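K.L.:
I am attaching a structure below and will ask some questions about it afterwards.
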Amino acid sequence: MIMVCGVDEAGRGPLAGSVFAAAVILDPSRPILGLKDSKKLSPKQLSSVYLDIMKCALEVSFATATPQEIDQINILQASLLAMKRAIYQLSNIPDRILIDGQHCPDIQSMEIKAVVKGDAKHQEISAASIIAKVERDKYMLELDHQFPEYNFKQHKGYPTKEHIRLIRQFGVSPVHRKTFRPVSELLI
């Protein structure tokens, strides 16, 4: 059996919080219904499919790159770093790795391929998309408890009008990405 690992990230666009990446190896003998791009699933569907993935996949891992790492190396490189960390956490070495998007992390020892809109084309990438999204959303709820004034539970760190208003009102927190506009403009 060829072991295929799907990899995707969540949280490239927000103004706050870590970027998350997940790596998933599905079990062909245990199909999972409802696998598609995480952005096309309702919160209830996301939760249900997430549990099925955790129960049925051969292996699931996720990793992050912090806001500080994002500010140091930029969001693309931080996303690739999180992907690399997620892949290296796998106990099984996959035969092939499929990455959602145009860029691959630098991993010389494995067959790795970028697939544009891969979360719509490969179930492994769809599964990784769902894991990364759900894990990041849970993390943003934790940040909401630490920094309730920013209402992270509502906007998940994305640049909504309300989030920008709250940053202006309360200032930049330690979990904001300081190189992202409009956060960077508020630091001047």
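Just so it is clear, none of the values below were taken in a lab; they were calculated from the coordinates. These numbers were taken from a predicted model, which means no experiment stands behind them.
K.L.:
Please report the Cα spread of segment 4-186 along all three principal axes, rounded to whole Å, starting with the longest.
P.N.:
Principal-axis extents of segment 4-186 (Cα, largest first): 52, 36, 26 Å.
K.L.:
Taking K44 as the anchor, which lysines have their alpha carbon closer than 27 Å to its alpha carbon, excluding any fewer than eight residues away along the same chain?
P.N.:
Those lysines meeting the cut-off are K36, K55, K117, K121, K133, K138, K153, K156, K161.
K.L.:
Considering only DSSP beta bridges where both residues belong to segment 1-100, give the percentage that are antiparallel (nearest 5).
P.N.:
Within segment 1-100, antiparallel bridges account for around 75 percent of the total.
K.L.:
Short version: what are the Cα gyration tensor semi-axes of segment 8-100, square root of 5 times each eigenvalue, largest first, in whole Å?
P.N.:
Each semi-axis is √(5λ); the values are 24, 17, 10 Å.
K.L.:
So which DSSP H runs in the chain come out at 24 Å plus along the axis (Cα) with average Kyte-Doolittle of at least -0.5?
P.N.:
Qualifying helices, which must be both long enough and hydrophobic enough, are 123-146.
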